[in-house]
Amino acid sequence: MFTIATPKTEKELEDYFHFRWQWLREPWGYPIGSEKDEYETVSEHRVILNPSGEIVACGRIHLNTSEEAQIRHIAVDKRYRRKGVGQIILSALESVARDLGAERAVTNSRETSMSFFSACGFQIEKEAPNELGKLKRTHMFKLLVDNNVLVLHPKWCQELQSTWHEQIPITEHMGIKLYQYTERTIETRASLNKNINLHGSMFAGSIFSQATLTGWGMIFLQLKQKGLVGEIVLGDGNIHYHKPITMKPRAVCNIESVKARFDLLTAGKKCPIDLKVELHDGDTAVAEFIGKYWVLPPQD
């Protein structure tokens with residue numbers, strides 16, 4: 001049985017980098033240290049461990065932009081090749097990319113690994129600079145689409161995401177993405193890396209912002225469903241924190257928690273809306289936000 005792990009301690013990182021050098025640099029006569037570059041501290045690193053705790057595969061991923069993640073340094077011990085281990089490490093890195101909010105993954109593949117990436121859904125885009133000055137590479141990409149995610153009314157959802165980025169720029173800097181919408185539930189996700197504090201957890205202010213925007217998004221999409229228009233503003237918001245977020249920031253708002261007087265809006269009056277947003281770290285509930293919003297009717 002294999003285990004996916006993140007090297008964290010000094011010894012774990014030392015073993016990880018040595019494994020990378022052993023399989024990606026030593027065969028070409030490059031010294032220890034050549035396996036590292038300037039992106040190490042801003043990257044996510046993963047290893048695959050066998051039942052004895054030995055590294056049998058590794059890989060790294062970092063963001064080029066808020067929408068694009070680059071996969072590098074995938075290596076598999078030759079004793080474990082063609083056993084599905086390469087697919088496991090690649091899948092783990094793609095999962096990290098999705099959690100960071102990336103919409104596509106890219107890699108600069110050597111000729112010997114192009115068939116592997118092609119079999120895993122990557123497509124050739126263009127030539128890439130040679131590695132180490134002599135290894136020919138090809139730039140490949142893959143769109144990161146989660147087929148298990150349900151997004152109804154995709155045009156409305158895209159309009160919401162665009163509205164956030166254009167009118168509330170902090171959403172893009174925080175990596176907040178609309179993850180799911182089912183008419184009854186909205187879920188957003190945020191990038192932990194873009195909101196992490198010195199304790200390795202998400203800033204409390206970032207959690208509050210994600211909760212506020214999730215509630216705002218639910219109202220936006222409810223207005224679309226009802227054929228109504230108006231300006232959404234936050235009147236008051238309170239949040240209770242139970243646990244820190246250290247892995248996967250998620251915010252969920254269910255229609256059952258929304259109390260609204262949309263009839264007032266149709267009469268040209270401002271509409272009060274109360275709702276609740278639940279914050280999760282993966283599947284663990286960590287906070288609860290209670291918000292009061294107003295929808296102001298359009299001005300003639």
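Among the residues of the stretch 161-172, how many are surrounded by fewer than 21 Cβ atoms within 10 Å (Cβ to Cβ) and in contact (Cβ under 8 Å) with a residue 40 or more places away in the chain?
3
Could you go through the stretch 182-192 and let me know if any residue there is closer than 21 Å to residue 292 by Cα, part of a helix (DSSP H, G or I) and modelled with pLDDT of 90 or more.
no
State yes or no: is residue 282 closer than 16 Å to residue 177 by Cα, out of contact with any Gly (no Cβ under 6 Å at 6 or more places or on another chain), at pLDDT below 95 and of a type outside the set (A, V, I, L, M)?
Here the answer is yes, as residue 282 does meet what is asked.
What residue, of 254, 238, is within 15 Å of residue 188 (Cβ to Cβ), surrounded by fewer than 17 Cβ atoms within 10 Å (Cβ to Cβ) and either outside the structural domain of residue 216 (by TED's automatic domain parsing) or not hydrophobic (A, V, I, L, M, F, W, C) (or both)?
Answer to the check: 254.
Across the stretch 6-30, what is the number of residues that are surrounded by fewer than 18 Cβ atoms within 10 Å (Cβ to Cβ) and either at positive phi or within 25 Å of the chain's Cα centre (by Cα) (or both)?
Total satisfying the criteria: 6.
Of everything in the stretch 31-67 that's over 19 Å from residue 137 (Cα atoms) and acidic (Asp, Glu), which residue is farthest from the chain's Cα centre (by Cα)?
The qualifying residue farthest from the chain's Cα centre (by Cα) is 54.
(1) hydroxyl-bearing (Ser, Thr, Tyr); (2) closer than 24 Å to residue 179 by Cβ; (3) exposed (fewer than 15 other Cβ atoms within 10 Å of the Cβ): which one isn't true of residue 212, the others all being true?
(3)
Do we find that residue 200 is surrounded by fewer than 13 Cβ atoms within 10 Å (Cβ to Cβ) and farther than 18 Å from residue 100 by Cα in this structure?
no
Give the residue that is nearest to residue 193 (Cα to Cα), with candidates limited to residues of the stretch 102-121 that are in contact (Cβ under 8 Å) with a residue 40 or more places away in the chain and aliphatic (A, V, I, L, M). Explain how you work it out, then say what you get.
At the first step, the residues of the stretch 102-121 found to be in contact (Cβ under 8 Å) with a residue 40 or more places away in the chain are 102-106.
Imposing the further condition that a residue be aliphatic (A, V, I, L, M) reduces the set to 102, 105-106.
Details: 102: 12, 105: 17, 106: 19 Å.
Top of the filtered list is 102.
Within the stretch 242-300, count every residue that is outside any loop (DSSP other than H, G, I, E, B) and not polar (S, T, N, Q).
Matching residues across the stretch 242-300 total 36.
The values are calculated or read from the model by the stated rules, or taken from the named source; none is laboratory data. Everything numeric in this text was worked out from a predicted model, so none of it was measured. Note: ideal-geometry Cβ built from the backbone for every residue, glycine included; neighbour counts use all protein chains shown.
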